[in-house]
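Below is one structure; the comments refer to it alone.
The values are calculated or read from the model by the stated rules, or taken from the named source; none is laboratory data. Given the structure is predicted, the values throughout are model-derived calculations rather than measurements. Every residue, glycine as well, gets a Cβ built from its backbone with ideal geometry; the counts of neighbours run over all protein chains shown. Note: accessible area is taken over every heavy atom of the protein model, side chains too, but ligands, DNA and RNA are not part of it. Shrake-Rupley method; radii C 1.70, N 1.55, O 1.52, S 1.80 Å.
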Amino acid sequence: MDPMPLLARFGLDDEDLAAWRASGLSDAVIEDWLTDRVARRPAGTRARRVYGADDVHDFARRAILDWLALGPEDALLEVGCGGGLLLRDALALGARVTGIDHSQEMAELARERAPGAEVLVAAAEELPFADQAFTAVAMSIVFFFFARPLVVLGETRRVLRPGGRLAIYTTAPELRGTPAAPEPLASRGHFYSDGELAELGRAAGFDDLTVENRRGGQLMTGRVPFP
Ligand SMILES: C[S@@+](CC[C@H](N)C(=O)[O-])C[C@H]1O[C@@H](n2cnc3c(N)ncnc32)[C@H](O)[C@@H]1O
């Protein structure tokens, strides 16, 4: 099988082809490998260019930051921080800023793009932070990839203080198969209706849940209740 036509559809080049060959994986899992390489655990020169670009997911970043309205009194955690653009913009608002990503390359890029932020290589399902360490949590175009969303939301709630804010921007089912969520990535992700998304937030113990659907881009917000 010639993998290049599939890789080229996502702008991947010879470097990525060499990485695929070096992986030693069988052709049967090339779509899983591609999903990781492009978005689920990005790696390579192309990924650093895409996720380090000023305009990457700027619509999601703006929606999240507008709602969170961060200030110097805030401690923000971004889960799945990618190239660190949201971290950079949050620092400019005076907040204390932390990011985690399970891609080593993305964590390194985020440290470059957001000097002053603390960035750790870690998994969303097991956050390496004390209870109530943050006042706000952001997730931009990453919720889609979580196989265990309630585990991630539970961890998020644990590390937020009472009154802490959660803002998640994700992709709605109506965008499945469009350039916002193309195959084969779409069938490896998780889409939720607005109602399902709010129900997940409630089940994890958040209050004041809202889901605003902007032509298939969903902004879910919530707060940790006071005891
Ligand atoms: C599509 S990128 C989005 C990056 C950035 N948030 C943005 O909006 O540009 C998804 C990011 O989430 C990270 N990610 C996916 N699943 C993760 C998990 N379970 N734990 C930590 N990071 C994860 C990926 O490595 C990748 O950097």
- Task: Would you mind stating whether SER187 is free of Cβ contacts under 8 Å to residues at least 24 places away in the same chain and within 19 Å of the chain's Cα centre (by Cα)?
- Result: yes
- Task: Being farther than 16 Å from PHE145 by Cα and touching a helix residue (DSSP H, G or I) at 6+ places or on another chain (Cβ under 9 Å) is the filter here, so list the residues in segment 168-178 that pass it.
- Result: THR178
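Per-residue answers, yes or no, for (1) assigned to a loop (DSSP other than H, G, I, E, B); (2) open to solvent by less than 20 Å² (accessible area, probe 1.4 Å); (3) modelled with pLDDT under 95:
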site	(1), (2), (3)
ALA136	no, yes, no
MET139	no, yes, no
PRO162	no, no, no
PHE191	yes, no, no
GLY205	yes, no, no
THR221	no, yes, no
PRO227	yes, no, yes
- Residue hits (segment 141-152; open to solvent by 50 Å² or more (accessible area, probe 1.4 Å) and not in a helix (DSSP H, G or I)) are ALA147, ARG148
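Every residue, every condition in (1) open to solvent by 20 Å² or more (accessible area, probe 1.4 Å); (2) assigned to a helix (DSSP H, G or I); (3) hydroxyl-bearing (Ser, Thr, Tyr), yes or no:
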site	(1), (2), (3)
ALA8	yes, yes, no
LEU12	no, no, no
LEU17	yes, yes, no
ASP32	yes, yes, no
THR35	no, yes, yes
ARG48	yes, yes, no
ALA60	no, yes, no
ILE64	no, yes, no
- Note on the structure: Among residues of segment 118-134 being part of a strand (DSSP E or B) and open to solvent by 20 Å² or more (accessible area, probe 1.4 Å), the residue nearest to the ligand (Cβ to nearest atom) is ALA123
- Message: Being of a type in the set (Gly, Ala, Ser), closer than 27 Å to ARG88 by Cα, in contact with a helix residue (DSSP H, G or I) (Cβ under 7 Å, 6 or more places away or on another chain) and free of Cβ contacts under 8 Å to residues at least 60 places away in the same chain: is that true of ALA138 here?
- Response: no
- Considering residues that are open to solvent by 30 Å² or more (accessible area, probe 1.4 Å) and either touching a residue at least 24 places away in the same chain (Cβ under 8 Å) or part of a strand (DSSP E or B) (or both), the number found within segment 210-219 is 5
- Note on the structure: From the option list ALA147, ALA181, single residue qualifying as within 15 Å of the ligand (Cβ to nearest atom) and out of contact with any helix residue (DSSP H, G or I) (no Cβ under 9 Å at 6 or more places or on another chain) is ALA147
- Query: Any idea which residue in segment 81-114 is nearest to LEU65 (Cα to Cα), counting only those that are surrounded by fewer than 24 Cβ atoms within 10 Å (Cβ to Cβ) and within 9 Å of the ligand (Cβ to nearest atom)?
  - Reply: ILE100
